[in-house]
Amino acid sequence: MRFEIQNNQLFRFLRTNYTISFVILGAMILVLPTSIMLAEDADPRTISIVLGVLVGLGALIFALTIKYARSFTNSLSYEVKDGILYISEGVFTYERKAIPLDRVTDFRLVQGWLMRQFDLWTVQVQTAGAAGVAGAEGTLLAVKNPIEARDHLLKIRDEAIKTQRIEAAA
């Protein structure tokens with residue numbers, strides 16, 4: 001079973017998140033050189049050139065970040081097959097996790113304040129066996145119908161545990 005992903009909402013969420021970060025970072029980066037140059041009575045043309053270069057670099061980096069957000073969104077894939085949850089994601093480094101559902105202790109639904117604006121949820125996959133590892137074993141971003149997805153995963157997990165107990169008893 002494959003889970004559908006809310007690609008458009010996830011991309012819009014990432015784009016908004018990156019935009020907020022860039023505006024804050026850009027404001028801080030532009031203020032520092034401008035302050036220094038104004039304090040040293042720099043030539044106005046020099047200030048204009050430096051600010052133009054910084055704004056141009058910022059625009060280029062922002063455009064690349066938006067391209068990254070689209071690529072990341074398109075790389076996501078979640079699938080359950082034979083009692084194993086496969087999570088695939090990545091742009092620069094492609095990662096595929098295989099989490100046996102009989103090891104899963106909980107599926108947590110999480111929604112941050114910005115995610116709420118885009119009606120997005122993450123489903124965090126919690127396992128018992130990861131000693132010394134904090135956080136979720138895996139995360140499903142922007143799954144359509146997250147409550148139904150969690151309930152379906154719980155049902156498959158319960159069946160996998162039941163099957164494992166029957167095999168152990170035999």
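The table below lists the values:
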item: Unmet requirement for Arg45, which otherwise passes all of (1) surrounded by 12 or more Cβ atoms within 10 Å (Cβ to Cβ); (2) out of contact with any Gly (no Cβ under 6 Å at 6 or more places or on another chain); result: (1)
item: Single residue of Thr127, Thr139, Thr93 found to be farther than 24 Å from Asn8 by Cβ, in contact (Cβ under 8 Å) with a residue 24 or more places away in the chain and among the hydroxyl-bearing types (Ser, Thr, Tyr); result: Thr127
item: Cβ pairs under 7 Å, 6+ apart, first in region 24-35 and among the aliphatic types (A, V, I, L, M), second surrounded by 15 or more Cβ atoms within 10 Å (Cβ to Cβ) and modelled with pLDDT of 75 or more; result: Ile29/Leu54; Leu30/Leu54
item: Matching residues, region 1-35, being within 30 Å of Lys81 (Cβ to Cβ) and exposed (fewer than 15 other Cβ atoms within 10 Å of the Cβ); result: Met1, Arg2, Glu4, Asn7, Asn8
item: Tally of residues being over 12 Å from the mean Cα position of the chain (by Cα) and either among the charged types (D, E, K, R) or farther than 16 Å from Met1 by Cα (or both) across region 75-90; result: 3
item: Residues being surrounded by 12 or more Cβ atoms within 10 Å (Cβ to Cβ) and not in a helix (DSSP H, G or I) - total across region 65-97; result: 15
item: Residue match in region 25-44 (condition: in a strand (DSSP E or B) and either at pLDDT below 90 or not aromatic (Phe, Trp, Tyr) (or both)); result: no
item: Test set (1) hydrophobic (A, V, I, L, M, F, W, C); (2) crowded, with 16+ Cβ neighbours inside 10 Å; (3) in contact (Cβ under 8 Å) with a residue 40 or more places away in the chain; (4) not in a helix (DSSP H, G or I) - Leu109 fails condition number; result: (2)
item: Scan of region 119-137 for residues that are at pLDDT 90 or above and either assigned to a helix (DSSP H, G or I) or crowded, with 19+ Cβ neighbours inside 10 Å (or both), ordered by number; result: Leu120, Trp121, Val123, Val125
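The values are calculated or read from the model by the stated rules, or taken from the named source; none is laboratory data. Because the structure is a prediction, the values reported are computed rather than measured. Here Cβ is always computed from backbone atoms with ideal geometry, including for glycine, and neighbour counts include all displayed protein chains.
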